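The values are calculated or read from the model by the stated rules, or taken from the named source; none is laboratory data. Values in this document were obtained by computation on a predicted structure and should not be read as measured data. Glycine gets a Cβ as well: all are built from the backbone with ideal geometry, and neighbour counts include every protein chain shown. Note: accessible area is taken over every heavy atom of the protein model, side chains too, but ligands, DNA and RNA are not part of it. Shrake-Rupley method; radii C 1.70, N 1.55, O 1.52, S 1.80 Å.
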Amino acid sequence: MSWIASAGDSPPLEGLFAHRPELLTRYKAFYSALWDGDLVPRRVLELCRLRVAVIHDCAAEWAVRDAGVALDSPEAAALKRGDFAAFAASEQAALAIAERFPFQHHGVSDADVAAAAEAFGDAGAVALMVALAFFDATCRWKLAFDLEERLADLDSPPLHQGALV
């Protein structure tokens, strides 16, 4: 249970941000824009979001799933172990950056970014880095405010045009 009371019956993070509705609106709009378009595939974003949740040991973020991404049990287990060998090359390029982003961001190399740019283009590499920052921040907020874990299978990507779980 968070040490700041939720505003209303909203999901935990949205209820927290409801204390500052103008920030909630802007955050949701910016975050949703990451999932719009075709710069980085939805599956890649979901894999990275979940890997960042594992790195932070953020059960509240790990419990949320994008139902549109067919993530099977062996893939989920591989993400938890940090074993990316079975993933596609483009997914591995993104996960290599996601692996370092939360606590070793200075370790993200030019070669890592070049691999992401090769996989997704320059605009996609930028979109990936921004997405990782949002995934990192979301985990940190959930942990800092001690938000409860809520299992959720969302029809659209987490937060995309919907609730901030």
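Observations
- Whether a residue is open to solvent by 20 Å² or more (accessible area, probe 1.4 Å) and within 24 Å of K142 (Cα to Cα) was assessed, and A67 passes this test.
- In the range 39-83, the residues that are touching a Leu at 6+ places or on another chain (Cβ under 9 Å), of a type in the set (D, E, K, R) and on the phi < 0 side of the Ramachandran plot: R43, E46, R49, R51, E61, R65, D66, E75, K80
- Some residue of the range 111-119 being open to solvent by less than 60 Å² (accessible area, probe 1.4 Å), in contact with a Lys or Arg (Cβ under 6 Å, 6 or more places away or on another chain) and modelled with pLDDT under 95: no
- Unique residue being at pLDDT below 85 and open to solvent by 30 Å² or more (accessible area, probe 1.4 Å) when the list is A89, A7: A7
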